[in-house]
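Read through the structure below, which is laid out as C-alpha cells, and then see the notes.
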Amino acid sequence: MSAAVARCEAGCASNLAMDRWLMGELARTEEGERLEAHVRDCSRCAARLAALRSLNGPVPPRPALEPPPLNVPPPVMPPERAAVLQVAISRDGLPVGTEMFTAGRYTVGSDGACGLVLEGLAPVHAIVSLSGWRVALEAVSGSIVVNGFWVKACELRAIDEVRLGPYTLGVRVIAERWHRPRLELVRGD
Amino acid sequence: MAPSCEELYSRYGALVLRRARAMLGDEQAARDAAQEIFLKVLRSWADFRADASPVTWLYRATTNHCLNALRDSSRRSEAIDQFGSRLDEEVSAGLEERLTLRAVLERVPEPLREIGVYYYLDQLSHEEIAQLTGTSRRTVGNRLVEFHAAAKLALGRVGKVGA
C-alpha cells in the first residue's frame with residue numbers, strides 16, 4: 001500500500017467521487033463544483049484525476065435531449081436561475097476565443113449568418129442549444145466527434161471534448177450574474 | 001427500462017476492469033471478473049433505484065466480487081506462485097504496489113477487507129465508507145485501525161501501510 005494507494009490529504013476527493021464526476025453523475029451539483037474547484041488547487045488530486053480519466057478511457061456521450069424547435073422562443077427562466085453557455089474554442093491546440101450564449105439554439109458554421117462563425121467548417125455545420133442548464137449539440141451538414149466518438153446528436157457536459165473539423169470546443173454552463181433589485185420603500189400619505 | 005449489456009459495458013467497463021485489476025493483480029482474472037460482474041448487474045438491474053448512482057453500485061459489486069474471487073483458495077495460491085516467479089524478472093513500482101495490496105487483502109480477516117479496499121485503494125473518507133457499507137463512522141474508524149494492525153502483521157514490515 002505504498003505510492004499508488006497512498007491517500008491524499010484529509011479533505012481530498014475519493015476515487016469514487018472522481019469516477020462519479022467523470023461519468024457525469026455530479027454534473028451541476030454542489031459536490032461536483034466542490035470537486036472541480038478542489039482539483040484546480042490540489043496537484044495530487046489533479047494527477048489522480050488525470051490517471052483515472054486515462055485509465056477509464058473515453059466515456060460515450062449521453063444521447064441527445066429533445067431539442068427545442070428553431071424559431072420558437074426558449075423557455076423563460078427566472079432570473080436567479082438563468083444560465084449562460086460559455087464555449088471555449090481552440091484550433092490545432094491553440095486557443096482561439098470564448099463565446100457566450102444565452103438560452104436558445106444557435107447554428108455553428110462558416111456562413112456569416114451563423115450564431116457561431118468558424119471558418120473552415122461547412123456553411124451550417126452543427127447546431128448548439130442551451131435549454132435551462134442543459135446543452136445539446138446536433139450535426140447538420142458536418143461531422144461531430146465527442147470524446148473520440150462520432151455522434152449525430154448528444155448532450156454535452158463540461159468534461160466533454162468536442163471536435164468540429166480543425167476546432168476543439170469546450171462547453172461550460174454558468175449562472176448569469178443577477179442582482180436582486182433593491183426594494184424601494186414607498187411611504188403612503 | 002434495463003440497459004443492454006453493451007451499453008453498460010461501453011460506459012462503465014473500463015472503470016470496473018480498472019478496479020478488478022487493482023484488486024486481483026492479474027489481467028485475465030480481472031477480465032473474467034468484469035464479465036461476471038456485468039452479468040450479475042444485468043440480472044439484478046430491477047433492484048437498482050433510478051435515482052441511485054450506477055458508479056457507486058458498481059463499486060460495491062466489483063469489491064464484493066473480487067473479494068470473493070480472492071477468497072478462492074486455488075486462485076490465491078496461483079497468485080502467490082505467480083508473484084514469486086515474476087518478481088525477479090519484473091520489478092516495477094505498479095506491480096509491487098498491486099501485489100502488496102493483494103497480499104494484504106489475502107491475509108487480513110474477512111470483515112475488514114471491504115473497508116480496507118475502500119479506504120486504501122479508492123481513497124474514500126470514513127463518511128463515504130459508512131454510507132456505502134451501511135455502518136456508522138465509528139465502526140469504520142475502528143475497523144480501519146484493526147485493518148491497519150492486521151496488514152502490518154501480515155506484511156511483517158512496520159510502516160508499509162501508511163494511513
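Toward the positive end of the charge dipole of the range A:84-181, with +1 on the Cβ of Lys and Arg and -1 on the Cβ of Asp and Glu, the farthest Cα among A:VAL84, A:THR107, A:ALA175 is that of A:ALA175. Sorting A:TRP21, A:TRP150 on solvent-accessible area from highest to lowest, probe radius 1.4 Å, gives A:TRP150, A:TRP21.
So which chymotrypsin sites (Phe, Trp or Tyr not before Pro) in the range B:36-70 are both in a DSSP loop and have at most 15 other Cβ atoms within 10 Å of their Cβ?
Numbers: sites: B:PHE38, B:TRP45, B:PHE48, B:TRP57, B:TYR59; in loops: B:PHE48.
Here the chymotrypsin sites (Phe, Trp or Tyr not before Pro) that fit, given the DSSP loop and packing criteria, are B:PHE48.
Shape verdict for the range A:106-175, please, from the Cα gyration tensor: rounded (a/c under 1.5), prolate (a/b greater than b/c) or oblate. Oblate, because a/c is 1.5 or more while a/b does not exceed b/c.
The values are calculated or read from the model by the stated rules, or taken from the named source; none is laboratory data. Since this is a predicted model, take the numbers as computed values, not measurements. Ideal geometry is used to build each Cβ from the backbone, glycine not excepted, and the neighbour counts take in all protein chains shown. All accessible areas refer to the heavy atoms of the entire protein, side chains included, with ligands and DNA or RNA removed. Shrake-Rupley method; radii C 1.70, N 1.55, O 1.52, S 1.80 Å.
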